[in-house]
1. Pairs please, first residue from the range 49-66 and under 20 Å from Gln22 (Cα atoms) and in a loop (DSSP other than H, G, I, E, B), second anywhere and open to solvent by 50 Å² or more (accessible area, probe 1.4 Å) and not hydrophobic (A, V, I, L, M, F, W, C), Cβ atoms under 9 Å, 6+ apart in sequence or on different chains.
2. Please enumerate the residues belonging to the range 76-95 that are touching a helix residue (DSSP H, G or I) at 6+ places or on another chain (Cβ under 6 Å) and either outside any helix (DSSP H, G or I) or in contact (Cβ under 8 Å) with a residue 40 or more places away in the chain (or both).
3. Give the residue, chosen from Phe92, Phe86, that is touching a Ser or Thr at 6+ places or on another chain (Cβ under 8 Å), closer than 19 Å to Met161 by Cα and aromatic (Phe, Trp, Tyr).
4. Any residue in the range 51-64 that is closer than 29 Å to Asp98 by Cβ and of a type in the set (Val, Ile, Thr)?
5. If I filter the range 88-101 down to residues being over 12 Å from the mean Cα position of the chain (by Cα) and surrounded by 15 or more Cβ atoms within 10 Å (Cβ to Cβ), which single residue comes out as farthest from Val123 (Cα to Cα)?
6. Quick one: count up the residues across the range 1-48 that are modelled with pLDDT under 90 and among the aromatic types (Phe, Trp, Tyr).
7. Which condition breaks for Phe32 when tested against (1) on the phi < 0 side of the Ramachandran plot; (2) open to solvent by 30 Å² or more (accessible area, probe 1.4 Å)?
Amino acid sequence: MMELSRETVAGVIGAAIAVLLQITVAPAITLFEAVPNFIVAFCIVRAVATPASSGSVMPLVLGLLFDLMGGGPVGALAFVLVLVTFLASRLFMALNNDTLFMPVAIMLACIMLVEVMYGLIVVVCGADVPLGEAFLYRTLPCMLYDCVIGLLLYPIAARVMVDRPRVQPGTPVLR
């Protein structure tokens, strides 16, 4: 029988909130062609905040939900999210040095990678937009939007999702 940990419960609640924000808030705060993707930001932040237990089921399900809600190819974001969240969690586990720089750098790089890969898949699957124009007017602004959302979400996720929150070097641990 599966044990419900704090990470699991917080992950499921966070996923539900990300989907609700994607449906209700994202269309309302669209700038030009850039639509924020709360699902991408949440999945990458979760993979970095809880690398040992992030798994690939939640990115798959959330990616499929996004694909079914959006106009892109079904399965594209699901595939990209599973791949990049796995990469993000493994990178963080290998490069974690208890500073704030590494999780933020990995998170931002992975959000950028998701947007670029998803943009490439959409163009390859038959979008009526040239690759350069798609990158300049859709991928780049969405990437920046998602990075800002990820930067806002990471401190919350690092505090709420982790059973034992990380501390900065030199900070006394209170027990």
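1. none
2. Result: Ala76, Leu77, Val80, Leu81, Val84, Thr85, Ala88, Ser89, Phe92.
3. Phe86 is the lone residue from the list that is touching a Ser or Thr at 6+ places or on another chain (Cβ under 8 Å), closer than 19 Å to Met161 by Cα and aromatic (Phe, Trp, Tyr).
4. The answer is yes, given that some residue of the range 51-64 is closer than 29 Å to Asp98 by Cβ and of a type in the set (Val, Ile, Thr).
5. Phe92
6. Count: 1.
7. Here Phe32 clears every test but (1).
Yes/no per residue for (1) polar (S, T, N, Q); (2) under 21 Å from the mean Cα position of the chain (by Cα); (3) over 12 Å from Gly72 (Cβ atoms):
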| position | (1), (2), (3) |
| --- | --- |
| Met107 | no, yes, yes |
| Leu113 | no, yes, yes |
| Leu120 | no, yes, no |
| Cys125 | no, no, no |
| Asp128 | no, no, yes |
| Leu131 | no, no, yes |
| Arg138 | no, yes, no |
| Tyr145 | no, yes, yes |
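The values are calculated or read from the model by the stated rules, or taken from the named source; none is laboratory data. These numbers were taken from a predicted model, which means no experiment stands behind them. Please note: Cβ atoms are built from the backbone with ideal geometry, for glycine as well, and neighbour counts cover all protein chains shown. Heads up: the accessible areas ignore ligands, DNA and RNA and are worked out on the full protein's heavy atoms, side chains in. Shrake-Rupley method; radii C 1.70, N 1.55, O 1.52, S 1.80 Å.
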